[in-house]
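So the structure is just underneath, and the comments pick up after that.
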Amino acid sequence: MPICQNCHHKWSWTQTFKRLFTMRRTLKCMYCGENQYQSVASKKVTCFLPLVSSFIIAFIYLFNPSQTIVYLSSGFVFIIICLLMPFFIRFINNNDVM
Ligand SMILES: [Zn+2]
C-alpha cells in the first residue's frame, strides 16, 4: 500500500482504491492534505497490469472455450487486476522527478 511521503501514514486499500478512479494526476493525502504523486516505477507497473490481463485472456481464448466462458473469465481477470492495483501504488512528494 502507498505511504504518504509527507506524513508517512500508510493508506488503506479502500482509500487507495477509491482515489485511483479520480481523473486527477495528484492524490491528496487525507491525513495531512499534501498532494502526492504516483512514482514513475509505480505508473509503469499499473500500466503493465492491464497488458498482463490481455495476455491472460488471450491465453484462455487459445483453448477455444465458449463465449460465455470468455466473457466470464475476462470479467474475472479485469476485477482481479482492479483489486490488485492499490498494492502497486507508490507515492513521491514532488512531481518534478517525473
Ligand atoms: Zn500525508
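The values are calculated or read from the model by the stated rules, or taken from the named source; none is laboratory data. It should be emphasised that the depicted structure is a prediction, and the values quoted were computed from it without experimental measurement. All Cβ positions, even for glycine, are placed from backbone atoms using ideal geometry, and neighbour counts span all protein chains on display. Quick note on the areas: whole protein, heavy atoms, side chains included, nothing else; ligands and nucleic acids left out. Shrake-Rupley method; radii C 1.70, N 1.55, O 1.52, S 1.80 Å.
When residue 24 is tested against (1) part of a loop (DSSP other than H, G, I, E, B); (2) in contact (Cβ under 8 Å) with a residue 12 or more places away in the chain; (3) more than 17 Å from residue 81 (Cα to Cα), only condition (2) is not met. I'd like the residue in the range 1-21 that is open to solvent by 70 Å² or more (accessible area, probe 1.4 Å) and over 19 Å from residue 80 (Cβ atoms) and, out of all such residues, is nearest to the chain's Cα centre (by Cα). So the residue we want is 19. Every listed requirement among (1) touching a residue at least 12 places away in the same chain (Cβ under 8 Å); (2) in contact with a helix residue (DSSP H, G or I) (Cβ under 7 Å, 6 or more places away or on another chain) is met by residue 39 save one, (2).
From 44, 10, which residue is among the charged types (D, E, K, R) and away from the ligand (no atom under 16 Å from the Cβ)? It would help to see each step written out before you state the result.
Details: 10 fails: away from the ligand (no atom under 16 Å from the Cβ).
Within the list 44, 10, the selection yields 44.
For the range 56-98, filtering for residues that are open to solvent by less than 100 Å² (accessible area, probe 1.4 Å), without any contact (Cβ under 8 Å) to a residue 60 or more places away in the chain and not in a helix (DSSP H, G or I) leaves 3.
Of the set (1) more than 17 Å from residue 3 (Cα to Cα); (2) at pLDDT 85 or above, all apply to residue 64 but (2).
Does residue 32 qualify as being buried (at least 17 other Cβ atoms within 10 Å of the Cβ), more than 11 Å from the chain's Cα centre (by Cα) and near the ligand (Cβ under 10 Å from one of its atoms)? In short, no.
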